């Protein structure tokens, strides 16, 4: 038996074709990146004045309803900033983001506290600001991947740059999920309290704010013991704030 030496496999690469491919890939990536920045910035500027018609989460929830064999339910009714009760604006700040007026999109102190807490507890605690939640709801999909978080940081920076705090609050309270198939202050007010958003009392506003961490589990119209307890805490925080949310506070500090 004659043993022949194994011949090495030689790959003959056409370097000209490889170079052309890499060049095309670079051009495609560059153009895609430029178009992403153009479209994203243009969208943020557009929504500075134009109501947000629908969000990715709304569409995802509709698909989930159909897959589960449920009736399609999507209640939303955009109202202007002036038609949303100041009680609700203050309630969500006290509940979700007490440094909303002061920060520029990110509450680094809250992030540090959440990271320290999460190191020693199984149940994780978040530190997303109202600005981050607005960016996520309007422009992105739900999830916890680092890629989505990166986009969230980008869009948060954009809305803090091009929108006022009042506009961020207006969009937030018009698109946020407040119940099963219920989105925004006006839809939640009519669904749970049979009144317009401008007429919400402190207790009603605090109840809606209390369910925001999990609006499909909790019901503002039939609050559980947990929601009722959280509502009382939020109302106490509202009293400590003096019952008023001063949007001019940040501008006054800038002038000083």
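The table for this structure:
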quantity: Exclusive hit being at pLDDT below 95 and more than 29 Å from residue 164 (Cβ to Cβ), set 217, 250; calculated: 217
quantity: Residue list for region 191-207, restricted to those being over 18 Å from residue 89 (Cβ atoms) and part of a helix (DSSP H, G or I); calculated: 191
quantity: Among the residues listed as 52, 63, the single one being in contact with a helix residue (DSSP H, G or I) (Cβ under 8 Å, 6 or more places away or on another chain) and modelled with pLDDT of 90 or more; calculated: 52
quantity: Residue match in region 174-187 (condition: assigned to a helix (DSSP H, G or I) and under 13 Å from the mean Cα position of the chain (by Cα)); calculated: yes
quantity: Residue list for region 141-152, restricted to those being free of Cβ contacts under 8 Å to residues at least 40 places away in the same chain and either under 14 Å from residue 104 (Cβ atoms) or touching a helix residue (DSSP H, G or I) at 6+ places or on another chain (Cβ under 7 Å) (or both); calculated: 152
quantity: Residue that is assigned to a loop (DSSP other than H, G, I, E, B) and buried (at least 21 other Cβ atoms within 10 Å of the Cβ), where the choices are 210, 220, 135; calculated: 220
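This table checks each residue for (1) surrounded by fewer than 19 Cβ atoms within 10 Å (Cβ to Cβ); (2) in contact with a strand residue (DSSP E or B) (Cβ under 7 Å, 6 or more places away or on another chain); (3) modelled with pLDDT of 95 or more.
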| site | (1), (2), (3) |
| --- | --- |
| 155 | no, no, yes |
| 159 | no, no, yes |
| 162 | yes, no, yes |
| 174 | no, no, yes |
| 188 | no, yes, yes |
| 200 | no, no, yes |
| 206 | no, no, yes |
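The values are calculated or read from the model by the stated rules, or taken from the named source; none is laboratory data. Remember, it's a predicted structure, so these values are computed and weren't measured experimentally. Virtual Cβ from ideal backbone geometry, glycine too; neighbours counted across all protein chains shown.
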